[in-house]
Amino acid sequence: MKKGKKLRVAGGIIALVTLFFLCLPTYMRNALIHWYPDISDTYLFDSHAVTKADTCWEWPVAPDYNTYALDSTDRAFLAEWGTVAFLVIQEDSILYEAYWEDWTPQTLSNIFSATKSIVGILIGIAYDEGYIGSLDDKVGKYLPEFQKGKKSKITIRNLLTMSSGLNWDEAYTALFSKTTQAYYGDEIRKLVMSLEAVEEAGKKYSYKSGDTQLLSFVLEAATGQTISAYAEEKLWKPMQACNDALWNLDKKGGDEKSYCCFNSTARDMARFARLMLHKGNWNGKQLVSEAYLQEAMSPAAYLENEFGDGPLDYYGFQIWIMHYRGMQFPAFRGLGGQYLFAIPQKNAIVVRFGHKRSELYEREKTVDMDGYLDIALKILAERE
C-alpha cells in the first residue's frame, strides 16, 4: 500500500473513532478520558463549598508527637498502597502524623464513599430536629417519584441500612454501570429517581450508592436546604473545622454527589471520629443525639447479610462496623482505601488516605484494612 493511501486509511480510522467517541453519552466520554476515580479528583468537578468555622479548633499535638519510627515493613506496606496521609490520634491529641507525595495537613482529598457516613449522620440530625418524622417514614413522603408501585414501600431506614432492594449496580470500573454514570455524569437526580425495586425492601443488606444519594434528596426535601449547606450549618462549623471542604456536584449549579464526593483534609476528617467517640457531642454541644448515633454505629442485625449466612453484623446507618482483635468499633470507608476508624477501647482515631486498596476481601473487609490498624496499635502501644 502506498504511503498516501496508508495515511488516508489511518485518517479515516481516526475520524471514525473520534465520531464514535463524540456520540457517546457525556459520562462515558468522561470515564474514558479520566479512566479511574482517584483522591486527586477534588478539582475535576464543580463543587459547593462547605465553609470552615469562624474560629477553628486545632488538634493539640501530643508531647510525644511523631517520636515513633515506622519500621521498614510498615513503611513498605504504606507505600505499597499509595498512602498519602496517615494519622493516629489518642485522647484528643495527634500522636503520629505523616504525609507523602505532595500531600500536607491542608490538602483536600476526595474521601469517596466515606461520604456516605456523613450523610447518615446528617439524616440523624434532621430526624432529631423534627424535619424527618420517623426513620420508618416512606421515602415517597418526601420524594414523589417513590409514591407508586413497589418503590412506595421503601423507607428511610431501608436506605440507611442499604436494604432498599433497588436495581443499582455498584461498579466504578464498568463503563455502563450506574455508579460510573453517577460519578462522571451530569444528571444524578434523574438517574436515582429512575431506579426500580427488584427485591423486597428491609430484608437483606446489599451495598448500593444509590441508596445514599436518595437519602440526600430526602434530606433536602425535608429541610429545604442543599445537603452541603445543611452539613456546613449542622456539622462543619459546629465541629470548628479549620479548612473549607468541597462537595462535588454533577454539574455547575447541580446536585451534590452525596454518595461519594466530600473532599476534606485528614485532620478535619478526624473530627467525625471524635464526634463518634464523644457520642455526638462536640465540646459541650450535642450535634446529633446519642440515641441516634448509637443505633447508627450498631449492626442492623435484623437484616440478612450479603453472604446469606446469618444476620448483618458489619453495617449500621451508613456506617461500617469493624471487627478487629476482639474489638468492635465504627468506621468510614471509601474507594481507594479512604479510612476513618474511631476506636473507643483505645480512645483513639486513625485516618488513612491513599490511592488504592487491596481488591482481596475477607468477607466484608479488604485485606489491607487490618494492616493500618496494626500499625496504629504499635504506635499506641509504645506509650502504654
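The values are calculated or read from the model by the stated rules, or taken from the named source; none is laboratory data. Here the structure is a predicted model, which is why all the values come from computation and not from measurement. Note: ideal-geometry Cβ built from the backbone for every residue, glycine included; neighbour counts use all protein chains shown. Just the protein is used for accessible areas: all its heavy atoms, side chains included, with ligands, DNA and RNA removed. Shrake-Rupley method; radii C 1.70, N 1.55, O 1.52, S 1.80 Å.
Could you tell me which of the residues 309, 268, 244, 313 is crowded, with 19+ Cβ neighbours inside 10 Å and among the acidic types (Asp, Glu)?
Testing whether each residue is crowded, with 19+ Cβ neighbours inside 10 Å and among the acidic types (Asp, Glu) leaves just 268.
Would you list the strands (runs of 3 or more DSSP E) that sit entirely within the range 320-384 and hold 1 or more residues that are open to solvent by 10 Å² or more (accessible area, probe 1.4 Å) and in contact (Cβ under 8 Å) with a residue 24 or more places away in the chain?
So the answer is 320-324, 327-334.
Using beta carbons and a limit of 7 Å, which pairs, at least six apart or on different chains, have the first residue in the range 178-195 and farther than 22 Å from residue 144 by Cβ and the second one at pLDDT 90 or above and hydroxyl-bearing (Ser, Thr, Tyr)?
179/209
Taking only the range 282-294 into account, find how many residues are surrounded by 17 or more Cβ atoms within 10 Å (Cβ to Cβ) and either free of Cβ contacts under 8 Å to residues at least 24 places away in the same chain or in a helix (DSSP H, G or I) (or both).
Selection size over the range 282-294: 2.
Farther than 29 Å from residue 92 by Cβ and of a type in the set (Phe, Trp, Tyr): which single residue out of 302, 315 fits that description?
Just a single option satisfies the conditions, and that option is 302.
Of the numbered conditions (1) in a strand (DSSP E or B); (2) more than 23 Å from residue 212 (Cβ to Cβ), residue 279 fails exactly one; give the number of that condition.
Here residue 279 clears every test but (1).
Filter the range 100-112 down to residues that are open to solvent by 10 Å² or more (accessible area, probe 1.4 Å) and touching a residue at least 60 places away in the same chain (Cβ under 8 Å) and give me whichever is nearest to residue 349 (Cα to Cα).
My answer is 105.
Suppose we keep only residues that are of a type in the set (Ser, Thr, Tyr) and over 18 Å from the mean Cα position of the chain (by Cα) within the range 185-236. Which one would you say is surrounded by the fewest Cβ atoms within 10 Å (Cβ to Cβ)?
Of everything passing the filter in the range 185-236, 194 is surrounded by the fewest Cβ atoms within 10 Å (Cβ to Cβ).
Could you tell me which residue of the range 44-79 is farthest from residue 256 (Cα to Cα), considering only residues that are touching a residue at least 40 places away in the same chain (Cβ under 8 Å) and of a type in the set (Phe, Trp, Tyr)?
Per the stated criteria, the residue is 68.
Among 122, 135, 95, which is the only one that is surrounded by 18 or more Cβ atoms within 10 Å (Cβ to Cβ) and in a loop (DSSP other than H, G, I, E, B)?
None of the other options fit; the residue is 135.
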